[in-house]
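The values are calculated or read from the model by the stated rules, or taken from the named source; none is laboratory data. Computed from a predicted model, the values in this text were never measured in an experiment. When we count neighbours, we look across all protein chains shown, and the Cβ atoms used for this are built from the backbone with ideal geometry, even at glycine.
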Amino acid sequence: MLMYIRAGKKYAAEVSMNEPVGTDKEGNEIVIMDLLCDDDTEMLDDIDAHFRAARLYNVMSRVLTPREREILTLRYGLSEPNGTKAELTQREVGKILNCSRSYISRLEKRAVEKLREALGS
């Protein structure tokens, strides 16, 4: 009997991945596996996005002129973390930089092409 109790202690702290932890809004049972799968996918997506953004900023600083970086930053809202700044039109960027919309368009196109070549896509 004593051996049985000792063996039971070994497994007392273990939890099954199918252990219920609650219910969702519709009353469906939620198990630990449901929580881990959802969080892992979201976390991996966040990590991937972070690495892609870091790579993009690195390549931008290496291959673009300061003017091209500024244009892409304003056009695509890249100056804030995770690109949360508002994206501007070519006309708005031209007004800020005191040049024409068509000039902004040409510089933007050239900058994007440089990035494509540098990123291999």
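Whenever a residue of region 90-116 is over 12 Å from GLU68 (Cα atoms), its partners that are surrounded by 15 or more Cβ atoms within 10 Å (Cβ to Cβ) and among the charged types (D, E, K, R), lying with C-beta atoms within less than 8 angstrom and at least six residues away or across chains, give the pairs GLN90/ARG75; GLN90/GLU108.
Look at region 44-72: where a residue is farther than 20 Å from ILE104 by Cβ and a partner is surrounded by 12 or more Cβ atoms within 10 Å (Cβ to Cβ), sitting 6+ places away or on another chain with Cβ atoms under 7 Å, you get VAL59/LEU115; VAL59/ALA118; VAL59/LEU119.
Of the numbered criteria (1) farther than 18 Å from ASN58 by Cα; (2) surrounded by fewer than 15 Cβ atoms within 10 Å (Cβ to Cβ); (3) at pLDDT below 95, the one LEU88 fails is (2). Per the listing LEU64, LEU74, LEU56, the residue uniquely touching a Lys or Arg at 6+ places or on another chain (Cβ under 8 Å), surrounded by 10 or more Cβ atoms within 10 Å (Cβ to Cβ) and at pLDDT 75 or above is LEU64.
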